[in-house]
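Input: a single structure, listed below in structure tokens.
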Amino acid sequence: MKRRSLMLSTLALLAAAGVSATAGAADYRVALAGNAFVTQAPANATEEINDGGLANWTSPATVTSIWFRMATAGSATLALDARLAGSSTSRIRATVAGKDYDLTLSGSAQATYPIGTIAVTAPGYVRVDLKGVNKDGGYFGDVAALRVTTDVPLNYANDAENYYWSRRGPSVHMGYKVPANTEYFYNEVTVPPGQDKIGSYFMANGFVGGYLGIQVNGAHERRVLFSVWDADSGAKTTLVNKGADVVDNGFGGEGTGGQSYLVYDWVAGHTYRFLTRARPDGAGNTDFSAWFLAPEKGNRWRLIATWKRPQTTTYHAGVYSFVENFIDTNGYLGRSVRFGNQWARDTAGKWTEIATARFTGDATAANGQRKDYAGGVDGGQFYLRNGGFFADYVNINQNFTRPATATPPAVDVNSLPQ
């Protein structure tokens, strides 16, 4: 009944404002807290997206963008749940599909302000940009939600407890089935030019217990990151050794363990090679090692680190790659990566090519909070894509097979730096 009454009140308000809506349509409340981003702002901007939506809106140069996805073509009637804060009146502009709609806000109580009805010609994401026009005080207003009235099914983030993850965007993976007793796993990674957005982690060699890959940590810093978790019991992972210039510290963000990274200015468009080793030490622990090879450094393998994980006896298991965004405010930016020429080497020294992978996604993808993700085979390599609110997503939980190269990597494991 609560949803029905909300729909009736919104439709009545739209009708009173002369804005038509489709009969029998549903009313969706797209909260800015989970579906909006500040996409353009001047230096020292005050605007932010918080649990209540858009706040501290002071600059006319700031653009806030809201996204929702329509399952099919159709019409949608839009309105904003907003209130005026710090001014007695303000004029703001909503831009959708190149058309501007001006709204006048007044009063400190939250109200629903009609925008208009739009026609959407194909399934996919709709973007609504908000920008301030003028005000008689310090603020343009606070915006809590975008109202969408339509008979077309929508996808948007509606799990308030997980808005942080929704704003980060969906993480997607390629899982590789390796033979028993796989000691080494080899992978090649290429990030296409323009896809190396800040906050991206292109993880090449993941396994039960850790992962290795490359990150974009800021405008002037990139890293090769290798992390190994503590044992399930909580027993601490310890550093055995590390390569030159590698930083080691406790793992932050997702749990506890050992983290090591090399600050390295890797280049989009170049292909980098990764190698990990999992070897039980015979005393109830497993040593995990990682190496990195950059073409601009003379094609020489470089040790990142070896970590000893206690109370663990395993070779490689649960091997996978992924792409993620780890900065929630950058979750509207798109990124993609190519993974090629995967091989596993067992304890007897036999190399096996891994040409089939399973495409999966995290809870944000699986629960339909975001549908801007894709994966498959392109140009003979596996690819993953996420972010950017693109239209043509690819269903998760399916297998893909790339063309085999039949050429094992030229790696002399006995000559790797230790």
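Laid out as a table, the results:
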{"read-out": "Only listed residue being in contact (Cβ under 8 Å) with a residue 40 or more places away in the chain, closer than 25 Å to Gly380 by Cβ and among the small types (Gly, Ala, Ser), chosen from Ser166, Ser171", "value": "Ser171"}
{"read-out": "Selected residue (only one of Leu262, Leu239, Leu275, Leu293 is touching a strand residue (DSSP E or B) at 6+ places or on another chain (Cβ under 6 Å) and either among the polar types (S, T, N, Q) or without any contact (Cβ under 8 Å) to a residue 24 or more places away in the chain (or both))", "value": "Leu293"}
{"read-out": "First in segment 191-219 and within 29 Å of Ala317 (Cβ to Cβ), second anywhere and at pLDDT below 95, Cβ under 8 Å, 6 or more apart", "value": "Gly210/Gly257"}
{"read-out": "Residue under evaluation Ser415, criteria (1) under 21 Å from Thr271 (Cα atoms); (2) surrounded by fewer than 18 Cβ atoms within 10 Å (Cβ to Cβ); (3) of a type in the set (Gly, Ala, Ser), criterion not met", "value": "(1)"}
{"read-out": "Residue check, Ala61 surrounded by 15 or more Cβ atoms within 10 Å (Cβ to Cβ) and not in a strand (DSSP E or B)", "value": "no"}
{"read-out": "Segment 145-168: number of residues that are surrounded by 19 or more Cβ atoms within 10 Å (Cβ to Cβ) and more than 19 Å from Met70 (Cβ to Cβ)", "value": "4"}
{"read-out": "Condition met for Leu8 (exposed (fewer than 13 other Cβ atoms within 10 Å of the Cβ), assigned by TED's automatic domain parsing to the domain that holds Lys135, at pLDDT below 95 and of a type outside the set (Gly, Ala, Ser))", "value": "yes"}
{"read-out": "Segment 382-397, subset touching a residue at least 40 places away in the same chain (Cβ under 8 Å) and buried (at least 20 other Cβ atoms within 10 Å of the Cβ), residue farthest from Phe202 (Cα to Cα)", "value": "Phe389"}
{"read-out": "Residue satisfying condition, being farther than 27 Å from Thr58 by Cα, among the β-branched types (Val, Ile, Thr), under 28 Å from the mean Cα position of the chain (by Cα) and modelled with pLDDT of 95 or more, within set Thr121, Thr117", "value": "Thr121"}
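The values are calculated or read from the model by the stated rules, or taken from the named source; none is laboratory data. Keep in mind that this is a model prediction, so the values were computed, not measured. Counting neighbours? That spans all protein chains shown, and the Cβs are built from the backbone with ideal geometry, glycine included.
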